[in-house]
Amino acid sequence: MIPPISRLLARHLLKGPHTVPGPAPSADGLAELVDEFATQARGRLGRSLAIREVDAGSCNGCELELHAANNPVYDLERFGIKFVASPRHADVLLVTGPVSHNMAEALKRTWEATPAPKWVVAMGDCAFDGGCFAGSYAVAGGVSAVLPVDLHIKGCPPSPKDILSGLLALLEHVR
Amino acid sequence: MLGNVTLLDFLSIGREVPGHKPWPRFQLDLPGWRSFEDRLAAADWVLLAEWAEPNEVHAAFRDEQTGDIAVVSHPCLNHRFVALGKRRPGAIRMERAIHDLYGLAPQGIADQRPWLDHGRWKVKHPLGSPRAYDGGPQPYKFRAAEGDGLHQIPVGPVHAGIIEPGHFRFHAQGETVVRLEERLGYVHKGIEGLVQGKPIADAARIVSRTSGDSTVAYALAFAQAVEAAARIEAPPRAQYLRVLMAELERIANHLFDIGAICNDAAFALMLSHLGVQRERVLQANAACFGHRLLMDRVVPGGVAADLTDEGRAALREMLHRVSKGFRRALHLYEETPSLLDRTTGTGVVSGSLVHRFGAGGYVGRASSRGHDARKVPGYAPYADLDFEIPVRAEGDVHSRILIRAEEIHQSLSLIDQILARMPAGPLTVPLPTRAGEGLGIVEGFRGEVVVWVRVSEAGKVVRLHPHDPSWFQWPLLEAAIEGNIVADFPLINKSFNCSYSGHDL
């Protein structure tokens, strides 16, 4: 019997990957970045960006779309963008959620553990200004209330394409 | 005499609160509440949710014999109440949370540690009688385990993957976990406080973000509760579209989670293959209803998006491809012994624990508790559709995977039936501004989502409580890991996939 894993692998070898072409860097994201990154060293990271994701109170919708951005259809890693397990390995902190007070210290400590140069990307409407959770006794109301933010990716949640083009914009300028 | 007194018979000692729909609500005074708590020792009444307001605690129960549902309320004197946690251990964390949020102290449970309150809100009892607090965070006393060669492993709140935050404290001897204790509450956003005084539409937006992966389930439970309070029903076409979205949500989550469990056993191919299948579902969602996760598409009064003929064709095409793709993946799973070796016999939860905690969803169904809210109490239009609830008895990671796989098959067939039978007609009915209270119960992919709401004369939300099935599943994860090796924790945890956000509120 041919084991099913061989069939599956053979099918993909013959039919090619599911991956779709990547979008162009977004104009919005670029505009926001130009000021921030023009003075930053380019070429320091090459086409390699290590991201540490921190959920700071998200409803987990943003996490679902981040996972989707990693699936074979969008395949974030082909651009050299990689999610890492430790802030010590990261160039970028990607933060979701309105920043609950219960997570604020953990977020700050994660940021402090990230070696410089480092950038902070706030993903989703909550991370921008608290979104529909703004005004609660339990949230700080957006990542910029706690950390300096370099790039916002808006949406509730942003689609994998939005994430991809936002991060590509980051990559273009970090390079 | 502990004979066959039904829940409703028993509660007739209390005062029925007018205007609570579709199930009654009874207020019990102190002796009544005490004897109710006493009766729980023997009665087969399942706790569905427990919540509070500044001077009253509420608990929703279902009588397993008759299927009747009722809300039991108890006005608290002196900010104290007799806890239900002694009889229903699943209530303990909810009662600790009630103390944190409302300042009502549960009497009779040993665990009096704060739960959602980490001392970081600058306020104590924010939803009861708030008072300013500036004492800062206090150390949390984890339960100890003692013995030779034991060591602790603290994990979180920031984890290694793209997942939600929470803290796990392991006591291990070598590789074997002796005790796991969870500490949650990190993503507490104060949802119950935020929705107070909000118009229905604004509250719907917040409630449907209680747990993003169950957004349809929450939006639907909230819509059911609001519609019950307003004594209206969504039109038939809207009811069909709602459950269509609910089943799409179920399939998308199960597909990805099965892949992710296998990925945690270092079998990445399943994750990429099932990630593609999930992506097909999400792209169909976006094409048919305009949002990949279907957020804000179920609204009180009906639905916010219709299904066109092109949408219907796209769905059929997607169903065909996903069911083929999923069949291949399942075959791969079942024919890979090295993978089965990791999942079989790992993270076992006993049937007795599942029943004691009233845990639902695949966690319950993999350990012989076959409850499903689509059947009992049931809601339209599931009574007109054919489907079965899979149940297994082994209670390990493998059987949770197989339960989810079977649920995918059932949901694919349900969508087929829904598309074939969907009636024509309007998508919404206007929502009358009328005071009332309502309860909504929906089977999300994880289990039973319960939403309770009180609406004012002006049509605003006075009080609201969203209950996540994870409340009854998180404690069982602590039991499932006992005696397993640390390296199997990710696998076991993912096979539960409890919601942090839905639990932390």
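Counting only residues that are buried (at least 20 other Cβ atoms within 10 Å of the Cβ) and in contact with a Gly (Cβ under 7 Å, 6 or more places away or on another chain), give me the strands (runs of 3 or more DSSP E) lying completely in region B:410-505 with at least 2 of them. Working first, answer last.
Numbers: elements: B:436-443, B:448-455, B:461-467.
The strands (runs of 3 or more DSSP E) meeting that bar are B:436-443, B:448-455.
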(request) Say whether the condition of being closer than 30 Å to A:Ile5 by Cβ, at pLDDT 95 or above, hydrophobic (A, V, I, L, M, F, W, C) and part of a helix (DSSP H, G or I) is met by at least one residue in region B:351-373. (result) yes
(request) Could you pull out the residue among B:Arg205, B:Arg169 that is facing chain A (nearest Cβ under 10 Å) and not hydroxyl-bearing (Ser, Thr, Tyr)? (result) B:Arg205
(message) For B:Lys324, only one of the following conditions fails: (1) farther than 14 Å from B:Leu274 by Cβ; (2) out of contact with any Leu (no Cβ under 7 Å at 6 or more places or on another chain); (3) surrounded by fewer than 20 Cβ atoms within 10 Å (Cβ to Cβ). What is its number?
(response) (1)
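With respect to B:Ala43, is the statement that it is touching a helix residue (DSSP H, G or I) at 6+ places or on another chain (Cβ under 9 Å), buried (at least 16 other Cβ atoms within 10 Å of the Cβ) and part of a strand (DSSP E or B) true?
On the way: touching a helix residue (DSSP H, G or I) at 6+ places or on another chain (Cβ under 9 Å): yes; buried (at least 16 other Cβ atoms within 10 Å of the Cβ): yes; part of a strand (DSSP E or B): no.
So B:Ala43 fails the test.
Determine which member of the set B:Tyr133, B:Tyr102 is of a type outside the set (Gly, Ala, Ser) and within 26 Å of the chain's Cα centre (by Cα). I'd like the intermediate steps shown before the answer.
Working: B:Tyr133 fails: within 26 Å of the chain's Cα centre (by Cα).
The conditions single out B:Tyr102.
Specify the residue that is farthest from the chain's Cα centre (by Cα); the eligible residues are those in region A:157-175 that are assigned to a loop (DSSP other than H, G, I, E, B) and crowded, with 21+ Cβ neighbours inside 10 Å. Talk me through it step by step, then tell me what you get.
Initially, region A:157-175 is screened for residues assigned to a loop (DSSP other than H, G, I, E, B), giving A:157-159, A:175.
Add one more test, that the residue is crowded, with 21+ Cβ neighbours inside 10 Å, and what stays is A:157-158.
Working: A:Pro157: 12, A:Pro158: 10 Å.
Ranking the candidates gives A:Pro157 first.
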(request) Would you check if B:Leu269 is in a helix (DSSP H, G or I), among the aliphatic types (A, V, I, L, M), away from chain A (no Cβ under 14 Å) and touching a residue at least 40 places away in the same chain (Cβ under 8 Å)? (result) no
(request) Please indicate, with yes or no, whether at least one residue in region B:136-151 is surrounded by 19 or more Cβ atoms within 10 Å (Cβ to Cβ) and within 13 Å of chain A (Cβ to nearest Cβ). (result) no
(message) Tell me the residue from B:Gly370, B:Gly351 that is within 18 Å of B:Ile492 (Cα to Cα), away from chain A (no Cβ under 14 Å), surrounded by fewer than 21 Cβ atoms within 10 Å (Cβ to Cβ) and of a type outside the set (Phe, Trp, Tyr), please.
(response) B:Gly351
(message) Please go through region B:281-294 and give me each residue that is at the interface with chain A (Cβ under 9 Å from one of its Cβ atoms) and crowded, with 21+ Cβ neighbours inside 10 Å, ordered by number.
(response) B:Leu282, B:Arg292, B:Leu293
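Can you give me the ranges of the helices (runs of 4 or more DSSP H) entirely in region A:53-151 with at least 3 residues that are without any contact (Cβ under 8 Å) to a residue 60 or more places away in the chain and within 9 Å of chain B (Cβ to nearest Cβ)? Spell out the reasoning first.
Details: elements: A:61-69, A:101-112, A:125-129.
Because the criterion is at least 3 residues that are without any contact (Cβ under 8 Å) to a residue 60 or more places away in the chain and within 9 Å of chain B (Cβ to nearest Cβ), the helices (runs of 4 or more DSSP H) in region A:53-151 that meet it are A:101-112.
Can you name every residue in region B:389-409 that is assigned to a helix (DSSP H, G or I) and among the acidic types (Asp, Glu)? Reasoning before the result, please.
Initially, region B:389-409 is screened for residues assigned to a helix (DSSP H, G or I), giving B:397-409.
B:Glu406, B:Glu407, listed by residue number.
The values are calculated or read from the model by the stated rules, or taken from the named source; none is laboratory data. Here the structure is a predicted model, which means the values were calculated and not measured. Glycine gets a Cβ as well: all are built from the backbone with ideal geometry, and neighbour counts include every protein chain shown.
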